[in-house]
1. Anything in the range 86-112 that is in a helix (DSSP H, G or I) and of a type in the set (D, E, K, R)? List them, or say none.
2. Is it the case, given these coordinates, that M70 is touching a His at 6+ places or on another chain (Cβ under 8 Å), modelled with pLDDT under 95 and not aromatic (F, W, Y)?
3. Answer yes if at least one residue in the range 113-125 is in a loop (DSSP other than H, G, I, E, B) and farther than 28 Å from T84 by Cα, and no otherwise.
4. Can you name every residue in the range 63-84 that is of a type in the set (A, V, I, L, M) and under 18 Å from the mean Cα position of the chain (by Cα)?
5. What pairs can you find where one residue is in the range 112-130 and free of Cβ contacts under 8 Å to residues at least 40 places away in the same chain, the other is part of a loop (DSSP other than H, G, I, E, B) and of a type outside the set (A, V, I, L, M), and their Cβ atoms are less than 8 Å apart, with a gap of 6+ or different chains?
6. Within the range 45-62, is even one residue over 18 Å from the mean Cα position of the chain (by Cα) and exposed (fewer than 13 other Cβ atoms within 10 Å of the Cβ)?
7. Residues R120, R133, R148: which one is loosely packed, with under 11 Cβ neighbours inside 10 Å, on the phi < 0 side of the Ramachandran plot and not assigned by TED's automatic domain parsing to the domain that holds A36?
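The values are calculated or read from the model by the stated rules, or taken from the named source; none is laboratory data. Everything numeric here is computed off the predicted structure, so don't read it as measured data. Here the Cβ is made from the backbone with ideal geometry for all residues, glycine too, and neighbour counts use every protein chain on show.
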Amino acid sequence: MNTTAPTSARSIDRFDKPAPRHTVRPAPKLLAQVRAALRSRHYSKRTEDSYIVWIRRFIFFHNVRHPAEMAEAEVNQFLTHLATKQKVSASTQNQALSALLFLYRYVLMQQLGQLGDVIRARKSKRLPVVLTRDEVKAVFSRLRGEQRLIAVLMYGTGMRLME
């Protein structure tokens, strides 16, 4: 017979396990930091999504290099590429520039120097299409129900399609 006091497996396990260590969390990934910075400054969801796309394109354009390793020269190359090879509009190039400026200024805490060598996209010379009153009446006459109501309200208030 065994003369030692019975021990439960539960009490032994408690001492065999190592004490939990305080783990250091890794820094959030770059794009998560960008999202957090945009949200803390109350940027819209659409702006957030757009900036993330441009930052991701910038990173992949430079063969997945971290933006902290890059500076003005790489930003110039990317923006020039957009204008010359991708043939983007001036507003699109400005949006990409704004995304990169935000990244460097508020996430990486680096100031970019002069970006003077960038080849800028040309601004389009297209004028907006404006309908005459008769043309507007003709459009409204072909609409029915809710679609007509929405179109009349948007026209009457001066709202744009995305508002």
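1. Residues of the range 86-112 in a helix (DSSP H, G or I): 90-107.
R105, the sole residue that qualifies.
2. Working: touching a His at 6+ places or on another chain (Cβ under 8 Å): yes; modelled with pLDDT under 95: yes; not aromatic (F, W, Y): yes.
Yes: the conditions hold for M70.
3. Going through the range 113-125, the residues in a loop (DSSP other than H, G, I, E, B) turn out to be 113-125.
After this cut, where a residue has to be farther than 28 Å from T84 by Cα as well, the list is none.
No.
4. Let us first name the residues in the range 63-84 that are of a type in the set (A, V, I, L, M), namely 64, 68, 70-71, 73, 75, 79, 82-83.
Across the range 63-84, the qualifying residues are V64, A68, V75, L79, L82.
5. Sorted first by the residue in the range 112-130, then by its partner, the pairs are A121/K87; A121/S89; K123/S89; S124/S89.
6. Scanning the range 45-62, I find no residue that is over 18 Å from the mean Cα position of the chain (by Cα) and exposed (fewer than 13 other Cβ atoms within 10 Å of the Cβ), so the answer is no.
7. Numbers: R120 fails: loosely packed, with under 11 Cβ neighbours inside 10 Å; R148 fails: loosely packed, with under 11 Cβ neighbours inside 10 Å.
Going through R120, R133, R148 in turn, just one is loosely packed, with under 11 Cβ neighbours inside 10 Å, on the phi < 0 side of the Ramachandran plot and not assigned by TED's automatic domain parsing to the domain that holds A36: R133.
For every residue, the table says whether it meets (1) of a type outside the set (V, I, T); (2) more than 30 Å from A36 (Cα to Cα).
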residue	(1), (2)
R46	yes, no
L82	yes, no
Q86	yes, no
Q95	yes, no
L101	yes, no
S124	yes, yes
V130	no, yes
D134	yes, yes
